[in-house]
Amino acid sequence: MIFANIAQLNTMDNIYIFMLIAITVLATIDIVVGVSNDAINFLNSAIGSKAISMRMIMTVASLGIFVGAVYSSGLMEVARKGIFIPAMFSFNEIMYIFMAVMITDILLLDFFNTLGLPTSTTVSIVFNLLGAAVIMSLIKIGATDGQSFGDLVNYINTEKALQIISGIVMSVFIAFTVGAIVQWISRLVFTFQAEKKIKNFGAIFGAIALTAITYFIFLKGLKGTPYYKDLKGSIEGNEFYIIGASFALWLIVSYIFEAVIKKTILLVVIAVGTFGLALAFSGNDLVNFIGVPMAAYHSYEAWAASGVEATLFSMGVLDKKVPAEPLLLFISGGIMVVTLLFSKKARTVAETEISLSRQSETHEKFEPNFLSRGIVKGATQLSKYFNAIIPVSIQENIANRFKTPEITLTKDQSIDAPAFDLIRASVNLMVAGILIAIATTMKLPLSTTYVTFMVAMGTSFADKAWGRESAVYRVAGVLNVIGGWFGTALGAFIASGIVVFLISMNPSVVIPIFLIFTAVILYRNYLAHKNNSSGLSKEDILKTSESSSIQGVIQESAQNISNVLKRSKGIYINAINGLATENSKLLKKNKKQVVKLSKEVDELRDNIFYFIKNLDESSVGASSFYIDILGYLHDMTQSLEYISKVTYKHVDNNHKKLKFKQIKELSEISDAIMELFSNAGDSFKKQSFDEISAVREQKDNIYNILKSDIESQVKRTRTTDESSPKNTTLYFNLLLETKDFLKATGNLIDEYQRASDKSID
């Protein structure tokens, strides 16, 4: 329908037809990049708890998205008049604003997706609109006699904008606090022995949770839709009876489910909660993707029918409420579902929230900072003050309720086990769904990202998932995410303002340039994310040892050693080649590869606790071997880090190229190391232990070459002026670090051969 109408308007100015088509295409892309970041949030509780299968999660979520699409109409006005006063702008100015908003929104959201950080489509679109509208207003004020900066309030809907912004800010505090309180009470009731307690109280808890979800999402949420007027008489004034009847119905369902299916009702709570939160997400956030293109189309339609010049046609028409196109809403919902199913960036964003809320210890994604340390120290001190005034008996009783059960750690503990239990997952979904539904009812674009994320963080805090071992890391992660949210607001405001300013200067030239620029950036970010996530083949990625016997550990570690040798060979060769050819791009890429390898080795070292716990009594000796192996791998990566760093720094700072003799000697060493590591890697891969002695001889020969090269360079330095101080220092450092690199490699080979000989004996 929309596109048919556009086709009929072929007599109008082509630039605006082009802009409208571009905005429509950008909106489709915006849904993809927005969902990759935002939509995954309502799945995290179900995914993290592993309560239901991924297929069931996606099915339930898809249904929720499609049903929730009908809720979006109530919030459509935000894009039309929620931020600016449309009557103060002409048609061409409105189109410039909308074009700038869509371009910057896509680029900003995709940037956060690439980083794997959750941000907010609501905040992004609101501040994009605000930034573009403010700059366009200032342009108009500057061109109008008698107007000053103070007249900006006549262009911007300051009251509504402040209401929206305050609602967003408050959502952070409210979501965290409510999530923490509800989770604390729930854990106090059920403890961590939920499977026992749930038999007695599960049906009641399930009925309460399901009633809350039903009422606030399915009934309260109806107020934001055109369908509420038909049900208004039946609902208003009867809320108490509806709640009571809903509770009774769900209580019966809960008892029947547990009696017949023989499973906890919490599975139903998580499924229905996921559906409800998907519904709330769709109802609240679809407008972020289609609100602007819909407003652009209605603007174009009104202007085309008027016959007035674009610069003279006032956009007061946007003050009128318009119903959303149902077909458009469901098409958008379909795109959301497809994106959810296939977006790899969405999975990256999901990992961030799940890792920050994981109950057990894990490899932390964030490094602590002074602020996170200060918050943790302050919270610890505050806890001591509370403990001083609370009776010991009460403290002990509470502590017992929060005592985690002793469980046998398995090889998959840190990876495959649920991040948290069903109780926390249920609370996450219930609280987040209710808060978002209330926001939808009040016609406030409350950020679903903020709510779901902060509820999850609040429940994690209340559940004592942030213990002394992980608190500084988890708090640092939360601060990073929140900092990114502020960055979203500021970045959106500034970027959209700049873009609309440039567009207003010459739209026919600037808009195509920005569209090409957007396409290029999106493609580059796609390649960057693809390289970061799949730059290595699966067989080259280092794997945690899963064996419980020394023979098994030896066999498994052999593959890791083979992979390290293969990757180390490439890193060393690239460092020397990049230095010889002064290829800074190659050296920069090489640094990233070293960081990736070093990180994987560190993750293996972080897993030592679980590895030792998993060993058989008869194989405890394998721990010493495994620890030594990891130590030598660490030494190797440290040497590679240094070599890659100094070579890149030398070339990047544009220092003098090494002398021909120096490059020749380094190339000979590089070739020898390539042969050595190729042979060693093959030996470990095939576990051909009889070939290791020959490899050791190769290592000794290279060691002698290094010694000779060092002596030669000393002689050259003393007798000639052929080299600069920086070149000489770099050359000596490379030779010495290569010696350390080979020493660590030799120790690794020797340790492996000793262990393999013992295991055979």
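The values are calculated or read from the model by the stated rules, or taken from the named source; none is laboratory data. Everything quoted here is computed from the prediction, not taken from an experiment. Methodologically, a virtual Cβ is constructed for each residue, glycine included, from the backbone with ideal geometry; neighbour enumeration extends over all protein chains shown.
Overview of results
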read-out	value
In segment 711-753, residue modelled with the lowest pLDDT [restricted to those that are surrounded by fewer than 17 Cβ atoms within 10 Å (Cβ to Cβ) and among the hydrophobic types (A, V, I, L, M, F, W, C)]	Val714
Subset of segment 284-343 [aromatic (Phe, Trp, Tyr) and touching a helix residue (DSSP H, G or I) at 6+ places or on another chain (Cβ under 8 Å)]	Phe289, Tyr297, Tyr300, Trp303, Phe313, Phe330
Of residues in segment 693-710 being polar (S, T, N, Q) and modelled with pLDDT of 80 or more, the one surrounded by the most Cβ atoms within 10 Å (Cβ to Cβ)	Gln698
Segment 23-62 - residue that is part of a helix (DSSP H, G or I) and without any contact (Cβ under 8 Å) to a residue 40 or more places away in the chain and, of those, farthest from the chain's Cα centre (by Cα)	Val25
Hits in segment 632-650 - residues which are modelled with pLDDT of 90 or more, of a type in the set (A, V, I, L, M, F, W, C) and crowded, with 21+ Cβ neighbours inside 10 Å	Leu640, Ile643
Test: residue in segment 203-220 that is of a type outside the set (D, E, K, R), within 22 Å of Ala456 (Cα to Cα) and either in contact with a Lys or Arg (Cβ under 8 Å, 6 or more places away or on another chain) or at pLDDT below 75 (or both)	yes
Single residue of segment 162-191 satisfying the filter (among the polar types (S, T, N, Q) and more than 27 Å from the chain's Cα centre (by Cα)) that is modelled with the highest pLDDT	Ser186
Pair list, Cβ < 7 Å and 6+ apart or interchain, from segment 224-246 residues that are under 20 Å from Ala439 (Cβ atoms) to residues that are modelled with pLDDT under 70 and among the aromatic types (Phe, Trp, Tyr)	Gly224/Tyr71; Thr225/Tyr71
Residue match in segment 14-25 (condition: modelled with pLDDT under 85 and of a type in the set (A, V, I, L, M))	no
Complete set of residues in segment 577-605 that are of a type in the set (S, T, N, Q) and under 23 Å from the mean Cα position of the chain (by Cα)	Gln593, Ser598
Matching residues, segment 120-139, being of a type outside the set (A, V, I, L, M, F, W, C) and within 21 Å of the chain's Cα centre (by Cα)	Ser120, Thr121, Thr122, Ser124
Residue selected from segment 277-302 under the condition of a type outside the set (A, V, I, L, M), in contact with a Phe, Trp or Tyr (Cβ under 9 Å, 6 or more places away or on another chain) and modelled with pLDDT under 80, by the criterion surrounded by the fewest Cβ atoms within 10 Å (Cβ to Cβ)	Ser282
Residue in segment 123-143 that is surrounded by 23 or more Cβ atoms within 10 Å (Cβ to Cβ), under 27 Å from Gly291 (Cα atoms) and of a type in the set (Phe, Trp, Tyr) present	yes
Filter result for Glu603 (at pLDDT 65 or above and within 25 Å of Gly681 (Cα to Cα))	yes
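Listed here are the residues, each with its yes/no results for (1) part of a helix (DSSP H, G or I); (2) out of contact with any strand residue (DSSP E or B) (no Cβ under 8 Å at 6 or more places or on another chain); (3) modelled with pLDDT of 85 or more; (4) not assigned by TED's automatic domain parsing to the domain that holds Leu188.
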site	(1), (2), (3), (4)
Met457	yes, yes, yes, no
Ala465	no, yes, yes, no
Val475	yes, yes, yes, no
Leu479	yes, yes, yes, no
Trp485	yes, yes, no, no
